[in-house]
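Input: a single structure, listed below in structure tokens.
The values are calculated or read from the model by the stated rules, or taken from the named source; none is laboratory data. Small disclaimer: the values here were computed from a predicted structure and weren't measured. No Cβ is skipped: glycine too gets one built from the backbone with ideal geometry, and neighbour counts run over all protein chains shown.
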Amino acid sequence: MLNSDALVCPSRLVGEVGEITESIESLQRKFEEAKQSLSNMEDTQMMLEKEVANKAHSLFTDREKCMSHRMCYPTLIRLTKY
């Protein structure tokens, strides 16, 4: 008894190889797009982390260094009562 898979038409095999090749190329393009997207997201994350660090530093500076000086001056409410 012969195995029917062993008697596959060569032109059919060539067609299947072509389909597989196209699939591989498509997957490689999608992979490159995904890598670029990941790189862009990492750049955005780094930029946002720097912005958060700058904001935190600004808040610290305001709270620790400027607030003590502000306490020496009367508030606007006190000034308007005069």
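Kindly check whether there is at least one residue in the stretch 27-50 that is more than 22 Å from the chain's Cα centre (by Cα) and either assigned to a helix (DSSP H, G or I) or at pLDDT 95 or above (or both).
No, that holds for no residue.
State yes or no: is residue 23 among the polar types (S, T, N, Q), assigned to a helix (DSSP H, G or I) and either modelled with pLDDT under 80 or surrounded by fewer than 10 Cβ atoms within 10 Å (Cβ to Cβ) (or both)?
Answer is no for this residue.
Just checking, which of 66, 72 is of a type outside the set (A, V, I, L, M) and part of a loop (DSSP other than H, G, I, E, B)?
None of the others qualify; the one that does is 72.
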